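The structure appears below as structure tokens.
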Amino acid sequence: MWKTVARAIGNALPKGLYARSLIIIIAPVVLLQSVIAYTFMERHWQLVTRRLSAAVTADVAALIDIYESYPQDKDADTLTRIAGTRLNLDLDILKGAKLPLPGPRPFFSILDEALSEELAKQIGRPFWIDTVGRSSLIEIRVEIPDGVLRVTARRSMAYASNSHIFLLWMSGSSLVLLGVAILFLRNQIKPILRLAAVAESFGKGREIEFRPRGAREVRQAGHAFIEMKRRIERAMEQRTTMLNGVSHDLRTIITRFKLSLALVEQTAEVEDLQRDVDEMSRMLEAYLAFARGDSGEAAVPTDMRAMLEDLRTDVERLGAHVAEVGLDGRTTVTLRPDAFRRCLFNLAANAARYGDTVAIHGRTEARSFLVSIDDDGPGIANENREEVFKPFVRLDDARQDAGGSGLGLSIARDIARAHGGDVSLHDSPLGGLRATVRIPA
């Protein structure tokens with residue numbers, strides 16, 4: 001039960017750090033002010049109003065007693081004068097009159113409740129009051145033997161009318177304090193959001209200038225991120241340098257092989273050796289591209305419509321028929337164009353190798369950009385769709401790159417993940433396989 005309630009409250013609360021921090025600040029202030037307001041209303045406002053109402057009721061009771069005890073003042077002129085000059089009350093004797101019918105009671109009126117209780121307790125006669133008819137006055141009518149005694153008093157005599165000033169001051173000061181707190185909190189949250197944005201951009205292969213700011217702990221996290229970024233870039237640079245050296249040495253040897261084979265008599269055995277050397281050269285380039293990851297390229301806004309049209313031309317050169325090239329949503333996406341083009345080409349070449357018809361479609365979903373490449377080939381069983389992404393893994397019907405090195409899908413996924421996305425395989429509407437690349441837009 002409690003776990004369900006706690007889970008529901010957790011789901012209803014905001015997920016952002018800024019919003020949660022505001023709740024941490026606002027909730028105690030609102031709770032404290034509510035307690036203070038309730039205490040003030042309950043203890044002070046009601047108490048003062050009840051005492052003022054009791055005093056007015058006592059004056060009315062005294063006027064009734066005087067009127068009934070001294071009948072020589074038949075027209076009540078003296079009593080009316082005393083009520084006006086000494087008690088600030090307007091008094092009228094309505095002989096032969098009856099009390100009006102009771103009207104609807106106000107939904108929330110401390111004065112109406114307090115005054116009714118005091119009249120019932122001190123006078124004990126039928127009465128009628130009006131506390132809302134005229135906002136600045138209250139009217140009290142009490143039944144007497146020969147008619148009705150009507151008393152009109154200022155509302156402030158029976159009601160603590162200036163209590164709202166305290167509430168206004170309390171609310172105003174709370175708003176000022178909350179405004180100052182929100183302003184300072186926003187300035188403290190900004191460096192954290194900036195650090196998160198920079199980390200996300202680095203994960204997408206983008207470069208953003210960053211300088212740690214904010215509180216000491218936030219700056220420490222920023223400097224730690226910068227140091228981690230430098231180490232990653234240094235490791236990638238060292239790996240690229242090493243691979244370039246290895247590539248140069250191996251290419252030199254392969255070139256010597258090619259020259260030696262070109263100088264000897266061309267026989268069937270030599271032609272087989274030349275094909276092996278060419279295959280070795282292609283495999284070497286594929287291995288180096290996979291290990292290098294094209295990490296040195298900068299991310300720039302790229303026209304995806306032009307890239308997909310170029311991909312159509314590449315697929316048609318491979319001998320496949322392109323049934324459709326579509327693009328829905330935004331046409332410009334920030335990415336590393338050469339690397340992403342290689343990712344799409346590897347997937348499209350794999351589709352062209354195993355299918356006769358290929359369809360290419362790009363679209364925008366929420367904050368992601370997707371490219372789907374469909375074919376009508378034999379497809380891949382569900383249990384093997386993750387295996388084909390592993391380097392050098394080959395299945396009987398595995399769909400690898402056109403060079404047959406076993407690295408085409410691995411390179412494609414590596415490039416997609418370097419952009420902060422991924423590559424997934426599904427069933428295609430054309431009957432074969434659908435490869436979908438998803439990257440943050």
Practice item. Tally the residues that are among the aromatic types (Phe, Trp, Tyr) and either exposed (fewer than 15 other Cβ atoms within 10 Å of the Cβ) or over 60 Å from the mean Cα position of the chain (by Cα) (or both), restricting the search to region 126-152. Key: 0
Point to revise | Residue in region 99-120 that is modelled with pLDDT under 80, within 30 Å of SER174 (Cα to Cα) and exposed (fewer than 12 other Cβ atoms within 10 Å of the Cβ) present | key: yes
Check your understanding: (1) under 11 Å from VAL151 (Cα atoms); (2) touching a residue at least 24 places away in the same chain (Cβ under 8 Å): which one isn't true of GLN33, the others all being true?
Key -> (1)
Check your understanding: Of everything in region 36-53 that's of a type in the set (Val, Ile, Thr) and open to solvent by 60 Å² or more (accessible area, probe 1.4 Å), which residue is modelled with the highest pLDDT?
Key -> ILE36
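Of the residues in region 410-441, how many are over 28 Å from the mean Cα position of the chain (by Cα) and of a type outside the set (Asp, Glu)?
Narrowing region 410-441 to residues over 28 Å from the mean Cα position of the chain (by Cα): 410-415, 425-435.
Of the ones still in play, those that are also of a type outside the set (Asp, Glu) are 410-413, 415, 425-426, 428-435.
Adding up the residues that qualify gives 15.
Hey, can you tell me all the residues within region 325-351 that are in a helix (DSSP H, G or I), open to solvent by 20 Å² or more (accessible area, probe 1.4 Å) and in contact (Cβ under 8 Å) with a residue 40 or more places away in the chain? Don't jump to the end; show me each part of the working.
Step one: filter region 325-351 for residues in a helix (DSSP H, G or I), giving 337-351.
Cutting the leftovers down to open to solvent by 20 Å² or more (accessible area, probe 1.4 Å) gives us 337-338, 341-342, 345.
Listed by number, the residues that qualify are PRO337, ASP338, ARG342.
Which of the following residues is without any contact (Cβ under 8 Å) to a residue 60 or more places away in the chain and under 23 Å from ASP328 (Cβ atoms): ASP376, ASP356? Before you say what the answer is, go through the steps one by one.
Values: ASP356 fails: under 23 Å from ASP328 (Cβ atoms).
It is ASP376.
Test VAL48 against the stated conditions and say whether it is touching an Asp or Glu at 6+ places or on another chain (Cβ under 9 Å), closer than 30 Å to ASP112 by Cα and touching a residue at least 24 places away in the same chain (Cβ under 8 Å). Steps first, please.
On the way: touching an Asp or Glu at 6+ places or on another chain (Cβ under 9 Å): no; closer than 30 Å to ASP112 by Cα: yes; touching a residue at least 24 places away in the same chain (Cβ under 8 Å): yes.
No: the conditions fail for VAL48.
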Review point. Checking ILE208 against (1) assigned to a helix (DSSP H, G or I); (2) surrounded by 11 or more Cβ atoms within 10 Å (Cβ to Cβ); (3) free of Cβ contacts under 8 Å to residues at least 12 places away in the same chain, which test does it fail?
Key: (1)
Study note, to complete from the structure: Result of the Cβ filter at 9 Å on region 220-234, keeping first residues that are more than 13 Å from ILE208 (Cα to Cα) and partners that are surrounded by 12 or more Cβ atoms within 10 Å (Cβ to Cβ) and among the charged types (D, E, K, R), at least 6 apart or interchain, is GLY222/ARG194; GLY222/ARG213
Point to revise | Long-range neighbours under 7 Å by Cβ, at least six apart or interchain, first residue farther than 19 Å from ALA54 by Cβ and part of a strand (DSSP E or B) within region 122-134, second of a type in the set (S, T, N, Q) and open to solvent by 50 Å² or more (accessible area, probe 1.4 Å) | key: none
Check your understanding: In region 225-235, which residues are open to solvent by 60 Å² or more (accessible area, probe 1.4 Å) and either modelled with pLDDT of 80 or more or hydrophobic (A, V, I, L, M, F, W, C) (or both)?
Key -> GLU227, MET228, ARG230, ARG231, ILE232, ARG234
Point to revise | In region 362-407, residue surrounded by the most Cβ atoms within 10 Å (Cβ to Cβ) [restricted to those that are modelled with pLDDT under 85 and among the basic types (Lys, Arg)] | key: ARG399
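Just a yes or no: is a residue in region 127-146 among the acidic types (Asp, Glu) and touching a Ser or Thr at 6+ places or on another chain (Cβ under 8 Å)?
In the first step, residues of region 127-146 are kept if they are among the acidic types (Asp, Glu); the result is 130, 139, 143, 146.
Next, from what is left, pick out any that are touching a Ser or Thr at 6+ places or on another chain (Cβ under 8 Å): 139.
Scanning region 127-146, I find at least one residue that is among the acidic types (Asp, Glu) and touching a Ser or Thr at 6+ places or on another chain (Cβ under 8 Å), so the answer is yes.
The values are calculated or read from the model by the stated rules, or taken from the named source; none is laboratory data. Treat the numbers as computed from the prediction; the structure is a model and nothing was measured. All Cβ positions, even for glycine, are placed from backbone atoms using ideal geometry, and neighbour counts span all protein chains on display. All accessible areas refer to the heavy atoms of the entire protein, side chains included, with ligands and DNA or RNA removed. Shrake-Rupley method; radii C 1.70, N 1.55, O 1.52, S 1.80 Å.
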